[in-house]
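This report refers to the structure that appears directly beneath it.
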Amino acid sequence: MPQKKRLKYLLLFILLISAMIRCGIAVYVQRQLDRQPGRTYVIEGDADGYWKLAQTILHGEDYTIYTPPRRVLRMPGFPVFLAGAMSVLGEEHFRVRLVLSLTGVVACFVVYLLGKELVNEVTGVIVAALVAVSPVMAGFSVLFLSETLFALAMLFSLWVFAKLSKIEFGEEQRVRGIMLSLLAGISLAIACYVRPSWLLVLPLVVVALIWNAKRNRTEAIKRCLFMILGFAVMLAPWTYRNYRVTGHFVPTTLWLGPSLYDGLNAQATGDSDMTFFDQENVLDTMSEYEMNQHYTQRAIDYARQHPGHVFQLMGAKLLRYWKPWPNASQFQSWWMMAAVSIIFIPVVCFAIYGAWVSRDQYLLLLITLGPIVYFSMLHLIFVSSLRYRLPAEYSLYILSAVGIYHFFFSQTERSQSG
């Protein structure tokens, strides 16, 4: 049987294993929750908010939550996805949880496509296998949280960017370059609809494309303009809606200020603790926009007045971000910590080796290391945990697959040829 055909069958088998693992976890999680009366979600708060926002979309109600109403609290991407699942399967947690588990399977396939595009098909199959058996990725894929859907959208945007970067400049490729540029902008905006923190990637991608063009910078700038156009058009409906309900230009959400203050205040530890928001009740006297400005300014003022504590917090956040095991107390059982660490530590070691053997492949390093470094830097300011690292691990695993291939398979090939 030809190697390509064997790899296709192997990929199909990996995706089947991925689906079995995730559906099995979905069944286990739902049974555990059903045994605890009054408990609906593994991680309360965010999950309940997403579910309620999805219900407002499903029933054609105003996209608001809580009292006083929060109209621009969350990006609508994940709630829209949940609402779509509810419209087909009903408002039943277990059924929607199964749909979420299949989202994780699709993420396995897209990371395969990205690995294949950046390196080769063998690397794509290896990275798909790593993602399929990752306990954290499998576990999070069945939760009512946006991490897995964001990872999927992020991977797709990176795949489009990788394809765009390989298109040569010239008349023959001009139309294809324009179409992929528009798609790149649209895919970046789709990821922003799930997680607003991806917004800053657009200017970084523009800089990378122009810098990589060298002798064809004029053509590269044209492609970037089409990318910005696709991004702006895709994000325009949400921005316009926000202007109508707030009277201000808000391209993402009005939760930046409280999130920033959560990570920069006198009681901050690097972990999230939003009790100050409920205790202060500033929304009783301020609009949602004013509240966001209020907390943003307080966070900035605190950082200016207490630089020592800020640097101390940065160290704590960096440790929380890169810690091999979960930070949350409900996941501190020895078997959970061991299961996560046993996978993550070798993955990082192979990623380091993969980065070394690929040190002259700038596009590969940019796409695989870029997201995890980007979020690591971002969460030196905001609160930090494994949860914020998780989506970026998908692309990092491609470097791990490169390391595994060179450590095991390439040595075998060399010994056979010798």
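The values are calculated or read from the model by the stated rules, or taken from the named source; none is laboratory data. Owing to the predicted nature of the structure, the values given are computational and were not obtained by experimental measurement. Don't worry about glycine lacking a Cβ; one is built from the backbone with ideal geometry, like all the others, and counts go over all protein chains shown.
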When you go through Val72, Val96 one by one, which is the residue that is assigned to a loop (DSSP other than H, G, I, E, B) and modelled with pLDDT of 95 or more? Val72
Suppose we filter segment 1-20 for residues that are in a helix (DSSP H, G or I) and either touching a Lys or Arg at 6+ places or on another chain (Cβ under 8 Å) or free of Cβ contacts under 8 Å to residues at least 12 places away in the same chain (or both); how many remain? 9
Any idea which of (1) touching a residue at least 12 places away in the same chain (Cβ under 8 Å); (2) surrounded by fewer than 20 Cβ atoms within 10 Å (Cβ to Cβ) is the one Cys192 doesn't satisfy? (2)
Can you name every one of the helices (runs of 4 or more DSSP H) wholly within segment 177-273 that holds 2 or more residues which are closer than 18 Å to Ala162 by Cβ and touching a helix residue (DSSP H, G or I) at 6+ places or on another chain (Cβ under 9 Å)? 201-213, 217-246
I need a count of the residues in segment 280-299 that are closer than 18 Å to Ile65 by Cα and assigned to a helix (DSSP H, G or I). 8
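Of these, Ala299, Ala339, Ala303, Ala316, which one is touching a Gly at 6+ places or on another chain (Cβ under 6 Å), farther than 19 Å from Gly115 by Cα and not aromatic (Phe, Trp, Tyr)?
Just one listed residue meets the conditions, Ala316.
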Kindly indicate whether Gly257 is of a type outside the set (S, T, N, Q) and crowded, with 18+ Cβ neighbours inside 10 Å. yes
Quick check on my filter: what residues within segment 198-212 are closer than 26 Å to Leu53 by Cα and buried (at least 21 other Cβ atoms within 10 Å of the Cβ)? Trp198
